[in-house]
Amino acid sequence: MSVETLPFSKALNAGMRRAMQDDDHVLLMGEDIGRLGGVFRVTEGLQAEFGDRRVLDTPLAESGIVGTAIGLAMAGFRPVCEIQFDGFVFPAFDQITTQLAKLTNRHDGRMSFPVVIRIPYGGHIGAVEHHQESPEAYFTHTPGLRVVSPSTPNDAYWMIQDAIASPDPVIFLEPKSRYWPKGEVDLAARALPLHASRVVRRGTDVTLVGHGAMVTVLLQAAALAESEGISCEVVDLRSLSPVDYGPIVESVRRTGRMVYGQEAPGFTSLGSEIAATVTEQAFFSLEAPVLRVSGFDVPFPAAKLEGSYLPDADRILEAVDRALAY
């Protein structure tokens with residue numbers, strides 16, 4: 001059958017397997033991704049299938065992982081790096097932002113650097129500091145990087161393949177709280193293009209927009225709002241840089257109201273940029289300011305407080321009520 005029901009993590013695994021089968025130049029590298037299969041078992045079984053020359057266990061040295069990947073890309077390979085947790089990416093930040101993001105421009109477009117950096121990110125897993133952060137704004141702010149985040153197993157399967165096939169560096173953000181829920185994966189029919197946003201629920205009163213794990217929260221809020229007679233449209237951003245504004249702006253022009261939800265802190269965030277751009281492009285259609293619901297502007301708290309820190313359906317609904325009150 002061309003349609004299977006898979007957890008998000010297994011869909012990623014299947015997508016990488018297919019990319020490796022299709023192109024011998026694709027290789028995986030990261031801490032404990034080989035014999036162990038990664039902390040979240042996303043690469044489980046791939047070293048046994050493709051060998052330890054294509055699925056490499058690396059030292060605990062994120063800067064070295066990305067620096068090595070840059071050299072491999074220069075030699076014609078397509079390396080896929082795994083960063084174990086979101087907070088561990090910062091030792092590699094210099095390599096990513098001052099080297100990888102700039103090298104194609106530095107070579108006047110004569111060289112491409114097809115490196116994918118997979119980063120499990122976000123909360124809802126009850127972990128400690130450096131294990132539940134949302135660092136997407138650092139990378140969306142950096143020219144030369146593509147940044148994407150799937151929210152469903154089907155998107156995970158197809159978007160990882162598209163990211164690997166991209167000639168440009170891709171930051172592939174995986175919402176770790178979505179690793180276990182299952183969903184249908186169409187193994188034959190390609191989903192949307194890598195950088196397309198998508199309407200996942202139709203509505204007429206308010207547009208809810210978000211990415212990654214927040215899409216599930218927005219859908220929960222929309223279902224609760226429906227019981228109160230409020231119709232919410234939900235848009236999954238999917239691509240964080242570049243942003244496909246078409247479906248978002250078209251939706252806002254119909255509803256007249258928009259709420260953006262994100263786990264990351266709100267100050268100078270992706271939600272800030274989305275809100276500003278939508279305001280510019282749909283100003284005369286807006287019946288209320290574009291509102292944002294985000295994590296608070298503090299370091300991610302201890303696990304027992306994450307429920308107070310992370311936006312939930314109730315906080316989204318409070319913003320919906322405020323938007324409708326204008």
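For segment 1-18, filtering for residues that are within 19 Å of the chain's Cα centre (by Cα), within 17 Å of R53 (Cα to Cα) and surrounded by fewer than 23 Cβ atoms within 10 Å (Cβ to Cβ) leaves 0. When each of Q132, Q161 is tested for being outside any strand (DSSP E or B) and within 30 Å of L291 (Cβ to Cβ), the lone residue that passes is Q132. Answer yes or no: is there a residue in segment 98-120 that is open to solvent by less than 30 Å² (accessible area, probe 1.4 Å), closer than 30 Å to M214 by Cα and in contact with a His (Cβ under 6 Å, 6 or more places away or on another chain). The answer is no, given that none of the residues of segment 98-120 is open to solvent by less than 30 Å² (accessible area, probe 1.4 Å), closer than 30 Å to M214 by Cα and in contact with a His (Cβ under 6 Å, 6 or more places away or on another chain). Is it true that V185 is assigned to a strand (DSSP E or B) and either open to solvent by 60 Å² or more (accessible area, probe 1.4 Å) or under 22 Å from R292 (Cα atoms) (or both)? No; evaluated as a whole, the condition is false for this residue.
Here's the yes/no breakdown for (1) open to solvent by 30 Å² or more (accessible area, probe 1.4 Å); (2) in contact (Cβ under 8 Å) with a residue 24 or more places away in the chain:
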{"position": "A127", "(1), (2)": "no, yes"}
{"position": "L145", "(1), (2)": "no, yes"}
{"position": "W158", "(1), (2)": "no, yes"}
{"position": "H195", "(1), (2)": "yes, yes"}
{"position": "L219", "(1), (2)": "yes, no"}
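Against the conditions (1) modelled with pLDDT of 95 or more; (2) assigned to a helix (DSSP H, G or I); (3) under 22 Å from G295 (Cβ atoms), S151 satisfies every one except (2).
The residue that is farthest from H131 (Cα to Cα), counting only those in segment 74-83 that are in contact with a Leu (Cβ under 9 Å, 6 or more places away or on another chain) and surrounded by fewer than 21 Cβ atoms within 10 Å (Cβ to Cβ), is M74.
Checking each residue of segment 228-244 against the condition of being open to solvent by less than 10 Å² (accessible area, probe 1.4 Å), among the charged types (D, E, K, R) and not in a loop (DSSP other than H, G, I, E, B) gives at least one match. Among the candidates A303, A276, A288, A264, the residue that is touching a Leu at 6+ places or on another chain (Cβ under 8 Å), more than 23 Å from A225 (Cβ to Cβ) and of a type outside the set (D, E, K, R) is uniquely A264. Does at least one position in segment 48-69 carry a residue that is touching a residue at least 40 places away in the same chain (Cβ under 8 Å), in contact with a strand residue (DSSP E or B) (Cβ under 9 Å, 6 or more places away or on another chain), surrounded by 17 or more Cβ atoms within 10 Å (Cβ to Cβ) and in a helix (DSSP H, G or I)? Scanning segment 48-69, I find at least one residue that is touching a residue at least 40 places away in the same chain (Cβ under 8 Å), in contact with a strand residue (DSSP E or B) (Cβ under 9 Å, 6 or more places away or on another chain), surrounded by 17 or more Cβ atoms within 10 Å (Cβ to Cβ) and in a helix (DSSP H, G or I), so the answer is yes. Filtered by the rule that a residue be touching a residue at least 60 places away in the same chain (Cβ under 8 Å) and in contact with a strand residue (DSSP E or B) (Cβ under 8 Å, 6 or more places away or on another chain), segment 279-326 gives G295, Y309, L310, P311, I316, A319, V320, A323, L324. Selection within segment 167-182: residues that are open to solvent by less than 10 Å² (accessible area, probe 1.4 Å) and part of a loop (DSSP other than H, G, I, E, B). The member of this set that is nearest to R198 (Cα to Cα) is Y179. Pairs are defined by a Cβ separation below 8 Å, a sequence spacing of at least 6 or placement on different chains, a first member in segment 229-253 that is within 17 Å of N154 (Cβ to Cβ), and a second member that is modelled with pLDDT under 95 and in a loop (DSSP other than H, G, I, E, B); the pairs so defined are R238/L192. Candidates in segment 101-128 are the residues that are of a type in the set (G, A, S) and more than 21 Å from the chain's Cα centre (by Cα); of these, the one that is farthest from M20 (Cα to Cα) is G109.
The values are calculated or read from the model by the stated rules, or taken from the named source; none is laboratory data. As the structure is a computational prediction, the values presented were derived from the model and not from experiment. Ideal geometry is used to build each Cβ from the backbone, glycine not excepted, and the neighbour counts take in all protein chains shown. Keep in mind that these areas ignore ligands, DNA and RNA; they rest on the heavy atoms of the full protein, side chains included. Shrake-Rupley method; radii C 1.70, N 1.55, O 1.52, S 1.80 Å.
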